[in-house]
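Taking it in order: structure first as structure tokens, then the write-up.
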Amino acid sequence: MSSVVQKKTVAFNTTNRSCPIGEITGKKNIIESKIPVISCEGACIRGEIARLAANNVSKEPGYGRGCHGELITVPESAIAKWMQSAEKVVLIDGCFLRCHGRIIENIIDKDKLIQFDALSHYKRYTDIFDYDDVPEEERKEVAQSVSDWVMENLNNASAGSESACAASGAKVGCCG
Ligand code: SF4
């Protein structure tokens, strides 16, 4: 039997405050039925590549940038309601540890989550931690490659199947 505890509970303090622009953006995205895109936001180069790639994908028509902070800790916010009610949610983790996927799949219906492990696509920088040890132009190029790969999978999967990651993940590097 595994010695790893299968689930952990994290406590957080609630707030009755709200983010004004987050409320506007969340409501607008609900009306426009946008698909939220989030990343693990990790501090290292892998997290940075995932973050930049999520930014790129969120600029594509029909997509918008989600915020895991509000999703998790401000569940009554418009951003959280948008992410909960969206038809699907795109999640780009920086690496195989899937720090975000392992949390978010306990908050959002796993069938709606389309998960990607960015590192499985570009396979570089495994001996680097700090994001600025990779030049900015190179970071942008690699992130663009990741976001192109994500979009290709999203477009192919939506053409052939309702469950994008289930359809393409096992073959091309989605998590799930
Ligand atoms: S998934 Fe990888 S890059 Fe992202 S926070 Fe976790 S360890 Fe960092």
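Just so it is clear, none of the values below were taken in a lab; they were calculated from the coordinates. Predicted model, so just to flag it, every value in this text is computed and none were measured. We place every Cβ from the backbone using ideal geometry, glycine too, and count neighbours over all the protein chains shown.
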*Which condition does Trp82 not pass, out of (1) out of contact with any Lys or Arg (no Cβ under 7 Å at 6 or more places or on another chain); (2) in a helix (DSSP H, G or I); (3) surrounded by fewer than 20 Cβ atoms within 10 Å (Cβ to Cβ), if it passes all the others?*
(3)
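Listed here are the residues, each with its yes/no results for (1) touching a strand residue (DSSP E or B) at 6+ places or on another chain (Cβ under 7 Å); (2) of a type outside the set (A, V, I, L, M); (3) within 30 Å of Tyr125 (Cβ to Cβ).
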| site | (1), (2), (3) |
| --- | --- |
| Ala11 | no, no, no |
| Val57 | yes, no, yes |
| Glu60 | no, yes, yes |
| Gly64 | yes, yes, yes |
| Ile72 | no, no, yes |
| Val89 | yes, no, yes |
*What about Gln6, is it over 30 Å from Ile128 (Cβ atoms) and assigned to a helix (DSSP H, G or I)?*
no
*Assuming Leu97 fulfils every condition listed in (1) without any contact (Cβ under 8 Å) to a residue 60 or more places away in the chain; (2) under 14 Å from Val150 (Cβ atoms); (3) within 16 Å of the ligand (Cβ to nearest atom) apart from one, which condition is it?*
(2)
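For (1) within 14 Å of the chain's Cα centre (by Cα); (2) more than 15 Å from the ligand (Cβ to nearest atom); (3) crowded, with 23+ Cβ neighbours inside 10 Å, each residue gets a yes or a no:
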residue	(1), (2), (3)
Arg46	yes, no, yes
Glu76	no, yes, no
Ile104	yes, no, yes
Leu119	yes, no, no
Thr126	no, no, no
Tyr131	no, no, no
Glu141	no, yes, no
Gln144	no, yes, no
*Out of curiosity, is Ala53 among the small types (Gly, Ala, Ser) and in a helix (DSSP H, G or I)?*
yes
